[in-house]
Amino acid sequence: MRAWTGPDVPSLDVRGPEVALHDTASGKAVTLVPVEPGTPARLYVCGITPYDATHLGHAATYVGFDLLQRAWRNAGHDVRYVQNVTDVDDPLLERAEKVGVPWEQIADRETELFRADMTALRVLPPDVYLGAVESIPLVVAMIEKLAEAGATYAVDGDVYYRVDADAAFGSESGYDRETMRALFGERGGDPDRPGKEDPLDCVVWRAERPGEPSWESPFGPGRPGWHVECAAIALEHLGTSFDVQGGGSDLTFPHHEMCAGHVQTLTQVPFARVYSHAGMVGYDGEKMSKSKGNLVFVSALRNAEIDPMAIRLALMRHHFRADWEWHDTELFRAVDDLERFRKAVAVGAGAPAAPVVTEVLAALAADLDAPRALAAVDGWVDATLGTAGLADTSDPHAAASVLTVLDAALGLRL
Ligand code: 5CA
Ligand code: ZN
């Protein structure tokens, strides 16, 4: 699939620190330097299921991982970034059925809208952007290998994966079985289906149902399960034990646990080095979600002439791992802040920039702490606006340095 057009990113004349990220599996901060010197840092971020895109929860998650890509680059590493599009799955088919529009048409339209929103938000594109449909050969090959390993069985023509085939099952989320069972039921799983060996076993190939799209396979006509899609794409395009598996915290279980399980069953080495999860954005007292319909769309704000940089700034005022609630006032504040930033850089000279640049890079390398980075920028803006015209205390190149670090590290182009 085509990704989107990336923004140009200015290069910095100082190097940022190595990046440490909080790992869901170990509960600790892990410093991520590529294992082989000189090789790229490897990142997978779960992509959208293309309907009701792009709401501010999606945007917050992708802007969060965009900060990771930028922090790695600023630390001197190349990045190899892979993202999927779940362009065939139950919720998309249900939506298509409900609105009477072909599922392919919804998927195409919403993926295109997502691309435009990501471009407007200056999110760097993945190097590999792959749909589930175009990944079916990869998925089929993975299921065949899982079958050879004795890790699958059939229930009425559907192929299931045995979670106990991976000795490390459960170590990504760290949840107990009761929690896993509850979350599995809430997030697309079928813990109560009769005929399964373990309630947590998940479907990897869903046999054709009347009215549903299907593809030929050695297991009969059908379509891929959700988890095996990301497992197969990540293994093929990033290899074993890549650096970061990312997504929102609602993917901690079952999705990322199952992806890890599928791959670890075949490779016996960790799927990813770190599992990083973005917090959930709420609205009207609940998680912003397609199923609840409490959505604020990036495209709606853009259509209302809101500067996409103000949307990005409003999102980055929250730590990417925090859960928080969207209020329109945050956007108004971001619009005002941008105006102040622009006024301050227009001064040309300003308060010394070097400490700000150092602090911005340090904050982002420390678990992508954008609020801390922005606090440093706020301090510089206040000082610069407060001392405008006081040539003896000012740094003549300050504005240029601040503009560059805002753009390179925070994705804010003033
Ligand atoms: N296609 C799958 C991943 S393989 C999927 O979860 N798609 S999604 O469209 O539902 O979500 C896309 C991304 O946005 C996921 O990483 C998800 O965790 C994240 N996300 C969804 N809702 C929110 C929210 N309210 N706040 C923050 N992130 C969210
Ligand atoms: Zn995924």
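Looking at the range 46-61 only, could you name the residues that are away from ligand 2 (no atom under 15 Å from the Cβ), under 17 Å from Thr252 (Cβ atoms) and within 9 Å of the chain's Cα centre (by Cα)?
Listed by number, the list holds a single entry, Ala60.
I'm told His22 meets every condition in (1) farther than 21 Å from Gly248 by Cβ; (2) touching a residue at least 60 places away in the same chain (Cβ under 8 Å) except one. Can you identify the failing condition by its number?
Here His22 clears every test but (1).
If you go through the range 92-133, how many residues are among the β-branched types (Val, Ile, Thr) and in a helix (DSSP H, G or I)? Don't jump to the end; show me each part of the working.
So in the range 92-133, the residues among the β-branched types (Val, Ile, Thr) come out as 99, 101, 106, 111, 119, 123, 128, 133.
Now drop any that are not in a helix (DSSP H, G or I), which leaves 99, 106, 111, 119, 133.
Of the residues in that region, 5 qualify.
What single numbered condition from (1) under 14 Å from the mean Cα position of the chain (by Cα); (2) surrounded by fewer than 17 Cβ atoms within 10 Å (Cβ to Cβ); (3) of a type in the set (Asp, Glu) fails to hold for Asp250?
Failing condition for Asp250: (2).
May I ask you to list the residues in the range 253-285 that are within 9 Å of ligand 1 (Cβ to nearest atom) and surrounded by fewer than 24 Cβ atoms within 10 Å (Cβ to Cβ)? Lay out the reasoning, then the answer.
Residues of the range 253-285 within 9 Å of ligand 1 (Cβ to nearest atom): 255, 259, 277-283.
Within the range 253-285, His277, Gly279, Met280, Gly282, Tyr283 meet the criteria.
Residue-by-condition table, conditions (1) farther than 24 Å from Leu124 by Cβ; (2) assigned to a helix (DSSP H, G or I):
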{"site": "Glu339", "(1), (2)": "yes, yes"}
{"site": "Arg342", "(1), (2)": "no, yes"}
{"site": "Gly348", "(1), (2)": "yes, no"}
{"site": "Leu368", "(1), (2)": "no, no"}
{"site": "Pro371", "(1), (2)": "no, yes"}
{"site": "Val377", "(1), (2)": "no, yes"}
{"site": "Ala383", "(1), (2)": "yes, yes"}
{"site": "Leu406", "(1), (2)": "no, yes"}
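Under 6 Å between Cβ atoms, at least 6 apart or on separate chains: pull out the pairs that start in the range 239-268 with a residue that is without any contact (Cβ under 8 Å) to a residue 40 or more places away in the chain and in a helix (DSSP H, G or I) and end on any residue that is of a type in the set (Val, Ile, Thr) and more than 12 Å from ligand 1 (Cβ to nearest atom).
From residues that are without any contact (Cβ under 8 Å) to a residue 40 or more places away in the chain and in a helix (DSSP H, G or I), the pairs are Thr267/Thr240.
For residues that are in contact with a helix residue (DSSP H, G or I) (Cβ under 8 Å, 6 or more places away or on another chain) and part of a loop (DSSP other than H, G, I, E, B), scanning just the range 191-210, find the one that is surrounded by the fewest Cβ atoms within 10 Å (Cβ to Cβ).
Per the stated criteria, the residue is Asp192.
Against the definition (modelled with pLDDT of 95 or more, within 25 Å of the chain's Cα centre (by Cα), part of a loop (DSSP other than H, G, I, E, B) and within 21 Å of Ile233 (Cβ to Cβ)), how does Ser173 come out, yes or no?
yes
Surrounded by 15 or more Cβ atoms within 10 Å (Cβ to Cβ) and under 21 Å from Ala232 (Cβ atoms), is that true of Val159? I'd like the intermediate steps shown before the answer.
Working: surrounded by 15 or more Cβ atoms within 10 Å (Cβ to Cβ): yes; under 21 Å from Ala232 (Cβ atoms): yes.
Yes, satisfied.
Against the condition hydroxyl-bearing (Ser, Thr, Tyr), surrounded by fewer than 23 Cβ atoms within 10 Å (Cβ to Cβ) and closer than 17 Å to Ala408 by Cα, how does Thr329 come out, does it pass?
Values: hydroxyl-bearing (Ser, Thr, Tyr): yes; surrounded by fewer than 23 Cβ atoms within 10 Å (Cβ to Cβ): yes; closer than 17 Å to Ala408 by Cα: no.
Criteria not met by Thr329.
How about the range 294-327: which of its residues are part of a loop (DSSP other than H, G, I, E, B) and in contact (Cβ under 8 Å) with a residue 60 or more places away in the chain?
To start, the set of residues in the range 294-327 that are part of a loop (DSSP other than H, G, I, E, B) comprises 294-296, 304-307, 317-323, 326-327.
Listed by number, the residues that qualify are Leu295, Val296, His318, Phe320, Arg321, Asp323, Trp326.
Quick grid of which residues meet (1) touching a Lys or Arg at 6+ places or on another chain (Cβ under 7 Å); (2) surrounded by 15 or more Cβ atoms within 10 Å (Cβ to Cβ); (3) β-branched (Val, Ile, Thr):
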residue: Arg109; (1), (2), (3): no, no, no
residue: Phe114; (1), (2), (3): no, yes, no
residue: Met118; (1), (2), (3): no, yes, no
residue: Val123; (1), (2), (3): no, yes, yes
residue: Val133; (1), (2), (3): no, yes, yes
residue: Glu144; (1), (2), (3): no, no, no
residue: Ala151; (1), (2), (3): yes, yes, no
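Is it the case that His227 is within 19 Å of Leu32 (Cβ to Cβ), in contact with a helix residue (DSSP H, G or I) (Cβ under 9 Å, 6 or more places away or on another chain), assigned to a helix (DSSP H, G or I) and within 13 Å of ligand 2 (Cβ to nearest atom)? It would help to see each step written out before you state the result.
Details: within 19 Å of Leu32 (Cβ to Cβ): no; in contact with a helix residue (DSSP H, G or I) (Cβ under 9 Å, 6 or more places away or on another chain): yes; assigned to a helix (DSSP H, G or I): yes; within 13 Å of ligand 2 (Cβ to nearest atom): yes.
The answer is no for His227.
For the structure I just gave you, tell me whether Leu183 is under 17 Å from Val228 (Cβ atoms), at pLDDT 95 or above and not in a loop (DSSP other than H, G, I, E, B). Step through it out loud before you land on a result.
Values: under 17 Å from Val228 (Cβ atoms): no; at pLDDT 95 or above: yes; not in a loop (DSSP other than H, G, I, E, B): yes.
No, not satisfied.
The values are calculated or read from the model by the stated rules, or taken from the named source; none is laboratory data. Here the structure is a predicted model, which is why all the values come from computation and not from measurement. Quick reminder, even Gly has a Cβ in these numbers, built from the backbone with ideal geometry, and neighbours come from all protein chains shown.
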